[in-house]
Amino acid sequence: MKKTMLLSLVGMAAVTGTILTQYKPLGRKPKSLQSPNRINGKFRNQYETPMNFSAQDMVSMARDYRDVTSLRKPTERLPIVPIDFEEKTGSSFTRIYWLGHSALMVQMDGKTMLVDPMFGRSPSPLPFAKNERFSEDLPFELEDLPEIDVVLLTHDHYDHLDYGTILAIKDKVAMFIVPLGVGSHLKRWGVGAERIVERDWNESYTFGNWTFVCTPARHFSGRSLTDRNSTLWASWVVLGETDRLFFSGDSGYAPHFKMIGEQYGPFDFAALECGQYDVRWPDVHMQPEETAQAFRDLSADQMMPIHWGAFTLSFHDWFDPAEQMSSLLPKEVVLTPKIGERITLDGRNDTTTWWRELEDANKR
């Protein structure tokens, strides 16, 4: 009996190992990385970042999950604004399009960049996962995407790095700029090493008239059961001829925002994580008040709350991030476009509280 059980366990382990090595959406764990931020094969945060749930936390999460009155998901699909890539705006100002969650398209200084382009149906490696995107469609067809100069990634979680998306866009991308170790996933998916630039915290890379600085974040990484924190997570500073931009990636609040602001600010624009927060994981995702403070720390002119509006990964109302930022910061600094809506860094944007209108319409 014991022998049979042992053989079964060995068989299960072999099957699991095969899945982890053969199933491409999981990516590939990097090898032989050298970094002062890595100890015993694992990257670590600059500040203590506990990630343990108590029994009470588990019980309360189970209760919240079953709450039928929850507004974690919109009652109807979110509206999108189709993007016309042939449109001539006649403007030299930087243009930014929110594509849902943390995905952005930036057009600046004659170049086009995608940030954390997750265009898949669900943030999961499993094709049958049910956590579907809030919008029916993307604001464009993938085949209509123009040539992309840079894809900028902040970390390797499924809601930021999507296997299907990379396969669909990789041949249109000149360069992938990523945190240390993330290139291993891209290489497995067919992106040539010559088109991948990996950087550790506080390292930079110059691409034409843009300078990218890999800056710290307070988070974690991993795509399977065996690769927790094997790749780096990061925020990014992008210094162009026209504007200075900051992208927070996923991050809990910490002094690094103030340090980045003092070293590289003031910024013309900051895309700041504000979504999927919860008091039970306070160190890896910012509460709205902390996002507002991070904005002040960075000395930015304008901010866009990201990491919301696409998937349910927490328990707050789906529109709460936008509502919170609109109340915590002056109206003129908070940009809350619809998915696909263009904003320009010329101070002439008139984004609306479209989520309120959607919810009010559903209550009638």
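The values are calculated or read from the model by the stated rules, or taken from the named source; none is laboratory data. What you are looking at is a predicted structure, and each value in this text was computed from that prediction instead of being measured. Methodologically, a virtual Cβ is constructed for each residue, glycine included, from the backbone with ideal geometry; neighbour enumeration extends over all protein chains shown. Side chains included, ligands, DNA and RNA excluded: accessible areas come from the protein's heavy atoms. Shrake-Rupley method; radii C 1.70, N 1.55, O 1.52, S 1.80 Å.
General observations
- Sorting MET286, MET175 by solvent-accessible area of protein heavy atoms yields MET175, MET286, largest first, with a 1.4 Å probe.
- Dimensions in Å of the range 218-364 - Rg and Dmax from alpha carbons: 15.8, 50
- Coarse-grained scattering of the range 76-363 at q = 0.07, 0.08, 0.13, 0.16 Å⁻¹, given as base-10 log I(q)/I(0) from a Debye sum over alpha-carbon atoms: -0.22, -0.29, -0.85, -1.41
- Atom-type composition of the exposed protein surface of the chain places 52 percent of the accessible area on carbon and sulfur (1.4 angstrom probe).
- Using the Stokes-Einstein relation with a Kirkwood hydrodynamic radius computed over Cα pairs, the translational diffusion coefficient of the range 34-107 at 20 °C and a viscosity of 1.002 mPa s comes to 116 µm²/s.
- Averaged per residue, the chain has 46 square angstrom of accessible surface, using a 1.4 angstrom probe with ligands and nucleic acids left out.
- Full extension of the chain between ALA174 and LEU225 yields a length gain of 15.2 nm, computed as 0.36 nm times the residue separation minus the alpha carbon distance.
- Cβ-Cβ FRET estimate between SER299 and ARG356, R0 fixed at 25 Å, reported to 0.05: 0.25
- Principal axes of the range 19-63: Cα extent on each, largest first, Å: 41, 32, 13
- Descending semi-axes in whole angstrom, ellipsoid equivalent of the range 166-298, from the Cα gyration tensor: 25, 21, 12
- Remark: spin-label model distance TYR47-TYR205 equals 2.7 nm, labels positioned 7 Å along the Cα→Cβ axis.
- Accessible area per residue (1.4 Å probe, heavy atoms of protein chains only) ranks ARG199, ARG66, ARG44 as ARG66, ARG44, ARG199, with the largest value leading.
- Summary of the geometry: the range 271-297 and the range 69-134, compared by the centres of their Cα atoms, lie 20 Å apart.
- Residues considered: PRO36, PRO288, PRO139. Largest GNM mean-square fluctuation over the chain, using C-alpha springs under 10 Å, is found at PRO36.
- With both labels modelled 7 Å from their Cα along Cα-to-Cβ, the THR344 to ARG72 distance reads 4.1 nm.
- Springs join every pair of Cα atoms under 10 Å in this Gaussian network model of the chain, and among ILE306, ILE169, ILE96 the largest mean-square fluctuation is at ILE169.
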